[in-house]
Amino acid sequence: MDPTRPRLLIVDDDREIRRLLADYLSGHGFDALVAEDGRAMRQVLDRQAVDLIILDLNLPGADGLSLCRDLRAGHAVPIIMLTARGEPLDRILGLEMGADDYLAKPFEPRELVARVRNILRRRDGREAAEAVSARRMLFAGRIFDLERRLLVAGDGRVVILSGAEFRFLKALADRPGQVISRDQLARLGANRQAEPTDRGVDLQISRLRAKLGDDARMPELIRTVRSRGYVLAVPVTREP
């Protein structure tokens, strides 16, 4: 998969719909992953970050509304709800559970593509504006102070960050739940004395994990996404 293409996850119990949507979206500039139910969805999200989830309302086991509510408890990823029913109550419930948009089946695939692109544009613009105005970022009981360029641990201990560590953490915290490639991080860590390398990026991430108190063997904050890069896997709150 191309790391420069937005990655979408299609969650639908209809195999033919999953295949058709994945093929169509792949042909319009996206990488498409699929899952048939909530359990499969969680397995995908445990392995890698996605940029948007297309979530069917009527699923076996936990339905789309329950999954949407659970996702909102720990993920900032945008969600488009799909349903075979066009009842206003379904739309209201979906939006109240945290969905970003709603589309009733049958729908025109071009409309889905337009809605996906619109949501991703809004998200990118909102994150850019928040990143400019934020003075502190809060995540997992820690305070990332952007003005003083330091980290306050959960126990109140002040952790000093190197220049590269600050830039790495800022890049990850600006887009929680989204993969930042090693190439992007390498450019952030570049200096005049040495060319950036994958090994250099991994070393900086290892040091940053240690300062965050993140277990390198089973990290819960900065997770490695194989062949892609790293992701901050917890929600982030910004404070002006």
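The values are calculated or read from the model by the stated rules, or taken from the named source; none is laboratory data. These figures come from a predicted structure and were not determined experimentally. Note that each Cβ is placed from the backbone with ideal geometry, even for glycine, and that neighbours are counted across all protein chains shown.
Restricting V152, V179 to those that are modelled with pLDDT of 90 or more, touching a strand residue (DSSP E or B) at 6+ places or on another chain (Cβ under 6 Å) and not small (G, A, S) reduces the list to V152. Checked against the criterion of being farther than 23 Å from A104 by Cβ, surrounded by 17 or more Cβ atoms within 10 Å (Cβ to Cβ) and of a type in the set (A, V, I, L, M, F, W, C), the candidates L25, L45 yield just one match: L45. Of the residues making up the range 79-109, just one is at pLDDT 85 or above and in a helix (DSSP H, G or I), namely P109.
Restricting attention to the range 217-240 and to residues that are closer than 22 Å to L138 by Cα and in contact with a Pro (Cβ under 7 Å, 6 or more places away or on another chain), the residue that is surrounded by the most Cβ atoms within 10 Å (Cβ to Cβ) turns out to be L232. The residue list D214, D202 contains one member that is of a type in the set (D, E, K, R), crowded, with 17+ Cβ neighbours inside 10 Å and at pLDDT 85 or above, which is D214.
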